[in-house]
Amino acid sequence: MRLSTLIPLLGLAASPLLASAESVADYFSSLAPTTRSVLLNNVTGAGAGADPGIVAAVIPNASHPDFSIYWLRDACLVYNVWLNELVVLGDKSLRPLMDDVTLALVRSQHVESLSGSIFNGGLEEPVFYLNLSFIRNASYRPGSPAADGPPFRAAMLIKYADWLLEPAQNNGTWVADNLWPAINLDLQWISRTWNQSSYDLWWPPVWGGSYWTAALQYRALIAGARLGHKIGRHDTVVDYPKKAALVLEYMQSFWNPVEGFMSETTITDVALGRSGVGSAALTASVYNYDQNLGCDPLTFQPCSDRALSALKVVGDKFKAMFPLTQNIPADKPGWFGFFTEDEFIGGQPQFFSTFNAAEQLYAALTTWDKIGSLSITPVSLKFFVQFDKNAKVGTYSSGSKTYSQLTVAIRSYADEIIAMTAKGTPPDFILTESVDKVTGEPFGPPGMIRSLAAALGVVDTYMGMPPPSWSFPKKRAAGTDGLQDVDSQFYFDSY
């Protein structure tokens, strides 16, 4: 069924700011199948000259040999989308591919590289050749070692393991005996090293603490503890929730209460390469989206006051940064980049982070509808006043006029973001890494997988498809049943 046919059935309207032929639904109807085809046939496995389950960073091209490699981080962004579609949409055609992916991820743990071996740092090697051999050319492996590798890899294996445990698959013994040892290898590493410095995810990388990495570590420890309990490995995971609590506390230290955004790194001195302003934390928000957590600010859920404030603050800084968007009205969206000091390939606006911004808003809308209300706090007020200058702090039920007006305006704003990306999309719908910061024309090599993964992520979220939950249930206050009434602490007693 075409996406444009599904949209009315889901109660979603295309943006009135687009001509009907260029509506969000029609744009996605062309973008999504092309993106899926490129991911499956042009950058994965044999189609890219790679081993099974390996995803090249970009469509292999002799003019970009430094991109014809396996970036674990970017590949996991793709794996995450495939797993969501396998688990939530039930697309079992992806099952053989995910078996190949699982083997590739496990193999990546055992490659001895310049980062070390499996015993002394090799788990943090982020980049390999397409046959999973290690890279000796230092210019091809910037930001190595990278501490986000073990938690990202573990989270993908855990998500697949959770699906394999379902009665329809009934693979519990295989998960416990074969997959769990690989998962626990990464979890043990995270548990021992979570508070150590590493390189961040952008180029040029900086050495320090990273919010993105901490957010991934927290999720992996929580999801790993949950999985361990499911398969009877209670003693093995007993310390993981305790370590997760420490990571969660550490994550709060990145919050900038003065400006109202989540700093990307512990490096916040421009003279050292970073102000802390960038899109990594917003990417973590959509990656860690769990509808069962409601609008929890500690885990930076998409509809939390902190995440909404950060979207506004960071978005405004990027808008002022790019010539393409400097003259856009204050109440209109602009392109997002990597970070505000970015000079990589000229410091261009990115499809990846801009799609993530729209995805955050679509996720927030879905969660508010499930909760039955939205809340405006002093932290998030700056976000809401761009849609209603008279917005006030308070909680508004889904049946109220204020709720209706705000959610309609926010959906239209998210649609405008997509309309903007549509203008920069190549005619063949094969996304590049970025657009030119002056002209808005496609810029960079075609088929950049971080752009492709973000495109499918925003399509799925636009359709109201929440990803599978990774968290423990939250403790309800006595006499309450709404997610907005829960606290932000997890409990593990029943597991």
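Residues in region 385-406 that are within 22 Å of Phe300 (Cβ to Cβ) and in contact (Cβ under 8 Å) with a residue 24 or more places away in the chain: how many?
4
Could you run through region 402-436 and say how many residues are among the aliphatic types (A, V, I, L, M), part of a loop (DSSP other than H, G, I, E, B) and surrounded by fewer than 18 Cβ atoms within 10 Å (Cβ to Cβ)?
Residues meeting the conditions: 0.
In region 30-57, how many residues are modelled with pLDDT of 95 or more and within 22 Å of the chain's Cα centre (by Cα)?
The qualifying residues number 16.
Residue by residue, here is whether (1) in contact with a Pro (Cβ under 6 Å, 6 or more places away or on another chain); (2) open to solvent by 30 Å² or more (accessible area, probe 1.4 Å); (3) more than 25 Å from Asp200 (Cα to Cα) holds:
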residue: Gly45; (1), (2), (3): yes, no, yes
residue: Asp51; (1), (2), (3): no, yes, yes
residue: Ala75; (1), (2), (3): no, no, no
residue: Asn120; (1), (2), (3): no, yes, no
residue: Leu132; (1), (2), (3): no, no, no
residue: Pro145; (1), (2), (3): no, yes, no
residue: Asp148; (1), (2), (3): no, no, no
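Taking Val238 and the conditions (1) farther than 25 Å from Ala75 by Cα; (2) part of a loop (DSSP other than H, G, I, E, B); (3) open to solvent by less than 40 Å² (accessible area, probe 1.4 Å), which numbered condition does it fall short on, given that it satisfies the others?
Going through (1) farther than 25 Å from Ala75 by Cα; (2) part of a loop (DSSP other than H, G, I, E, B); (3) open to solvent by less than 40 Å² (accessible area, probe 1.4 Å) one by one, Val238 breaks only (3).
Just checking, which of Leu105, Leu89 is modelled with pLDDT of 95 or more and either part of a helix (DSSP H, G or I) or open to solvent by 10 Å² or more (accessible area, probe 1.4 Å) (or both)?
Residue meeting the stated conditions: Leu105.
Checking the conditions here, which among Leu381, Leu374, Leu365, Leu361 is open to solvent by less than 10 Å² (accessible area, probe 1.4 Å), modelled with pLDDT of 95 or more and more than 22 Å from the chain's Cα centre (by Cα)?
Sole residue among the options that is open to solvent by less than 10 Å² (accessible area, probe 1.4 Å), modelled with pLDDT of 95 or more and more than 22 Å from the chain's Cα centre (by Cα): Leu374.
Quick check on region 283-330: of everything there that is in a helix (DSSP H, G or I) and among the small types (Gly, Ala, Ser), which residue is nearest to the chain's Cα centre (by Cα)?
Ala284
Name the residue that is modelled with the lowest pLDDT, counting only residues in region 300-354 that are among the hydroxyl-bearing types (Ser, Thr, Tyr) and open to solvent by less than 10 Å² (accessible area, probe 1.4 Å).
If we take residues in region 300-354 being among the hydroxyl-bearing types (Ser, Thr, Tyr) and open to solvent by less than 10 Å² (accessible area, probe 1.4 Å), then Thr325 is modelled with the lowest pLDDT.
Ala21 fails exactly one of the following numbered conditions: (1) part of a helix (DSSP H, G or I); (2) modelled with pLDDT of 90 or more; (3) among the small types (Gly, Ala, Ser). What is the number of that condition?
For Ala21, the exception is condition (2).
Would you point out which residue out of Tyr211, Tyr199 is of a type outside the set (Val, Ile, Thr), without any contact (Cβ under 8 Å) to a residue 60 or more places away in the chain, closer than 20 Å to Leu77 by Cα and in contact with a Ser or Thr (Cβ under 9 Å, 6 or more places away or on another chain)?
Checking each option against the conditions leaves just Tyr199.
Determine which member of the set Trp194, Trp207, Trp174, Trp212 is of a type outside the set (A, V, I, L, M), in contact with a helix residue (DSSP H, G or I) (Cβ under 6 Å, 6 or more places away or on another chain) and open to solvent by 30 Å² or more (accessible area, probe 1.4 Å).
Trp194
State all residues of region 219-235 that are open to solvent by 60 Å² or more (accessible area, probe 1.4 Å) and within 14 Å of Val175 (Cα to Cα); if no residue qualifies, say none.
Answer for region 219-235, where residues must be open to solvent by 60 Å² or more (accessible area, probe 1.4 Å) and within 14 Å of Val175 (Cα to Cα): Lys230, Arg233.
Could you go through region 158-166 and let me know if any residue there is assigned to a loop (DSSP other than H, G, I, E, B) and open to solvent by 20 Å² or more (accessible area, probe 1.4 Å).
Yes, because at least one residue in region 158-166 is assigned to a loop (DSSP other than H, G, I, E, B) and open to solvent by 20 Å² or more (accessible area, probe 1.4 Å).
Can you name the residue in region 384-401 that is out of contact with any Leu (no Cβ under 7 Å at 6 or more places or on another chain) and closer than 17 Å to Pro329 by Cα and is also surrounded by the fewest Cβ atoms within 10 Å (Cβ to Cβ) among such residues?
If we take residues in region 384-401 being out of contact with any Leu (no Cβ under 7 Å at 6 or more places or on another chain) and closer than 17 Å to Pro329 by Cα, then Lys389 is surrounded by the fewest Cβ atoms within 10 Å (Cβ to Cβ).
Considering region 112-167 alone, what residues qualify as being aliphatic (A, V, I, L, M) and closer than 16 Å to Leu216 by Cβ?
Those that are aliphatic (A, V, I, L, M) and closer than 16 Å to Leu216 by Cβ: Leu123, Ala146, Ala147, Ala154, Ala155, Met156, Leu157, Ile158.
Give me the pairs: first residue in region 267-282 and in a helix (DSSP H, G or I), second residue of a type in the set (D, E, K, R) and surrounded by 24 or more Cβ atoms within 10 Å (Cβ to Cβ), beta-carbon distance under 8 Å, and six or more apart or on different chains, which are they?
Final answer for the pair search is Ala280/Asp200; Ala280/Glu264; Ala281/Glu264.
Within region 437-458, restricting attention to residues that are assigned to a loop (DSSP other than H, G, I, E, B) and open to solvent by 40 Å² or more (accessible area, probe 1.4 Å), which residue is nearest to Lys319 (Cα to Cα)?
Lys437
Restricting attention to region 72-84, does a residue exist that is of a type in the set (Asp, Glu) and in contact (Cβ under 8 Å) with a residue 40 or more places away in the chain?
Yes, because at least one residue in region 72-84 is of a type in the set (Asp, Glu) and in contact (Cβ under 8 Å) with a residue 40 or more places away in the chain.
The values are calculated or read from the model by the stated rules, or taken from the named source; none is laboratory data. Because the structure is a prediction, the values reported are computed rather than measured. Cβ coordinates were reconstructed from backbone atoms using ideal geometry, including for glycine residues, and neighbour counts include every protein chain displayed. When the accessible area is computed, the model is the full protein with side chains, heavy atoms only, and any ligands, DNA or RNA have been set aside. Shrake-Rupley method; radii C 1.70, N 1.55, O 1.52, S 1.80 Å.
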